[in-house]
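Beneath this line is the structure, given in structure tokens, with notes to follow.
The values are calculated or read from the model by the stated rules, or taken from the named source; none is laboratory data. Worth saying up front: this structure is predicted, and the values here are computed from it rather than measured. Positions of Cβ are backbone-derived with ideal geometry, glycine not excepted, and every protein chain shown enters the neighbour counts.
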Ligand code: ADE
């Protein structure tokens with residue numbers, strides 16, 4: 001049976017793309033059994049009834065399933081893009097046309113449009129903000145103080161966003177609870193590591209069709225995203241070099257079998273550079289100056305600030321589109337540097353972001369974090385809150401069950417042993 005949905009207000013590329021979007025959303029759903037079980041429960045229990053939610057996420061097939069879960073739960077949910085290049089226009093169209101969810105997101109939108117959509121998310125007067133990088137929360141705190149009384153809380157799924165929320169809390173401006181989805185085990189162990197790892201290489205390959213085997217691949221940053229990226233780059237035959245500023249992570253990279261050196265040294269030997277640090281200007285003029293002719297640079301960190309493209313642009317005599325998401329900067333020195341995805345998240349700009357199987361757990365955390373905020377409304381202190389361990393473990397259990405994998409459980413004797421300190425040698 002087909003149901004007709006009255007489209008809400010929206011700003012998407014073309015509603016005619018909805019047919020393709022619907023098909024792709026359904027395909028992603030095959031790998032998202034945990035979120036599907038939440039969608040089904042939410043449809044029955046309506047735990048988000050009457051709650052206005054503004055979600056700022058990459059508008060992908062996976063995010064579509066989160067939006068559907070929120071709607072099933074009774075929320076009045078609105079979705080905007082968390083990055084100007086990551087929107088899948090067909091998905092945005094299908095969410096509007098097939099699900100009646102207001103979406104404001106266009107692939108390739110300019111910064112003005114991006115910020116207008118952030119304002120739209122706040123005009124929705126949300127009770128909960130689902131954020132990806134913390135732009136909506138930062139705008140709320142800076143510019144919309146009167147709306148703070150509407151807020152029950154926020155949920156944040158990126159390392160970058162958590163760093164910003166911590167800074168807000170330290171400055172005394174975070175006056176509501178923030179659920180730290182990023183640090184749930186069922187999020188960062190899989191999404192940041194395997195999701196970013198695979199999709200970053202996927203984006204690079206789709207953009208360039210380059211052979212990675214035998215190339216010197218420099219990965220800047222050895223957090224969870226960097227670990228996954230380095231692992232997959234090595235798996236494809238790359239000679240991987242890691243750069244770090246944290247001594248412990250640097251040792252970890254060494255013991256994982258990677259060469260570790262400062263960017264000043266790595267710059268001269270790299271064929272491909274991937275930044276995943278969350279910090280700005282990790283690759284800057286002194287590094288471009290020593291790079292090989294034709295070296296490629298890209299970013300898989302949240303914001304497009306890791307590569308100093310402004311300085312590179314100032315050195316360029318010509319910037320030429322050579323393939324989709326691939327630009328060659330011809331420099332005054334006579335050398336070329338190739339920039340992928342305009343320095344924005346290459347995995348979402350040139351590929352489709354993290355695969356559905358990992359987003360299943362990330363978005364299960366997001367949906368359950370919203371439910372937790374509503375259930376505990378008025379009881380949670382302002383500041384960051386972990387996803388409760390029982391929730392994290394339940395998501396892992398559901399995922400394992402969906403994968404058809406059984407595990408052991410403690411025997412009564414082991415249960416006693418593991419909870420006691422009296423039994424030694
Ligand atoms: N972040 C990284 N990959 C993503 C995806 N596929 N969907 C939504 N957000 C993402």
For residue 364: the one exception among (1) more than 16 Å from the ligand (Cβ to nearest atom); (2) touching a residue at least 12 places away in the same chain (Cβ under 8 Å); (3) touching a helix residue (DSSP H, G or I) at 6+ places or on another chain (Cβ under 7 Å): (1)
Lone unmet requirement of (1) farther than 19 Å from residue 130 by Cβ; (2) surrounded by fewer than 24 Cβ atoms within 10 Å (Cβ to Cβ); (3) within 16 Å of the ligand (Cβ to nearest atom); (4) at pLDDT 95 or above for residue 28: (1)
Scan of the range 70-89 for residues that are surrounded by fewer than 23 Cβ atoms within 10 Å (Cβ to Cβ) and either within 19 Å of residue 43 (Cβ to Cβ) or modelled with pLDDT of 95 or more (or both), ordered by number: 71, 72, 74, 76, 89
Set 43, 97, 67: member being in a helix (DSSP H, G or I), in contact with a helix residue (DSSP H, G or I) (Cβ under 8 Å, 6 or more places away or on another chain), surrounded by fewer than 20 Cβ atoms within 10 Å (Cβ to Cβ) and modelled with pLDDT of 95 or more: 43
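Sort out which residues of the range 343-359 are out of contact with any strand residue (DSSP E or B) (no Cβ under 9 Å at 6 or more places or on another chain) and near the ligand (Cβ under 10 Å from one of its atoms), and write them in order of number. Steps first, answer last, please.
Filtering the range 343-359 for residues out of contact with any strand residue (DSSP E or B) (no Cβ under 9 Å at 6 or more places or on another chain) gives 347-348, 351-352, 354-359.
Of everything in the range 343-359, those that are out of contact with any strand residue (DSSP E or B) (no Cβ under 9 Å at 6 or more places or on another chain) and near the ligand (Cβ under 10 Å from one of its atoms) turn out to be 347, 348, 351, 352, 354, 355, 356, 358, 359.
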Qualifying positions in the range 4-14 - surrounded by fewer than 18 Cβ atoms within 10 Å (Cβ to Cβ) and either under 21 Å from residue 114 (Cα atoms) or modelled with pLDDT of 95 or more (or both): 8, 9, 13, 14
Check on residue 311, touching a helix residue (DSSP H, G or I) at 6+ places or on another chain (Cβ under 7 Å) and free of Cβ contacts under 8 Å to residues at least 60 places away in the same chain: yes
Matching residues in the range 174-183 - criterion: being in a loop (DSSP other than H, G, I, E, B) and surrounded by 15 or more Cβ atoms within 10 Å (Cβ to Cβ): 174, 176, 181, 182, 183
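Conditions tested, residue by residue: (1) buried (at least 24 other Cβ atoms within 10 Å of the Cβ); (2) farther than 21 Å from residue 190 by Cβ; (3) out of contact with any strand residue (DSSP E or B) (no Cβ under 7 Å at 6 or more places or on another chain).
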residue: 297; (1), (2), (3): yes, yes, no
residue: 310; (1), (2), (3): no, yes, yes
residue: 322; (1), (2), (3): no, yes, no
residue: 341; (1), (2), (3): yes, yes, no
residue: 367; (1), (2), (3): yes, no, yes
residue: 382; (1), (2), (3): no, yes, no
residue: 392; (1), (2), (3): no, no, yes
Which listed residue, of 353, 270, is within 18 Å of the chain's Cα centre (by Cα) and either within 24 Å of residue 228 (Cα to Cα) or assigned by TED's automatic domain parsing to the domain that holds residue 211 (or both): 353
Test for residue 377: is it assigned by TED's automatic domain parsing to the domain that holds residue 84, surrounded by 17 or more Cβ atoms within 10 Å (Cβ to Cβ) and within 30 Å of residue 176 (Cα to Cα): no
Which numbered condition residue 22 fails, given (1) touching a strand residue (DSSP E or B) at 6+ places or on another chain (Cβ under 8 Å); (2) farther than 29 Å from residue 394 by Cβ; (3) more than 16 Å from the ligand (Cβ to nearest atom): (1)
Hits in the range 55-77 (condition: more than 16 Å from the ligand (Cβ to nearest atom) and under 22 Å from residue 161 (Cβ atoms)): 75
Qualifying residue in the range 222-239 (condition: closer than 11 Å to residue 273 by Cα and surrounded by fewer than 24 Cβ atoms within 10 Å (Cβ to Cβ)): no
Selection from the range 402-425 of residues that are farther than 30 Å from residue 29 by Cβ and surrounded by 10 or more Cβ atoms within 10 Å (Cβ to Cβ): 410, 414, 415, 416, 417
Candidate set: the range 184-201, residues that are within 14 Å of the ligand (Cβ to nearest atom) and over 10 Å from residue 232 (Cα atoms); chosen: the one surrounded by the most Cβ atoms within 10 Å (Cβ to Cβ): 191
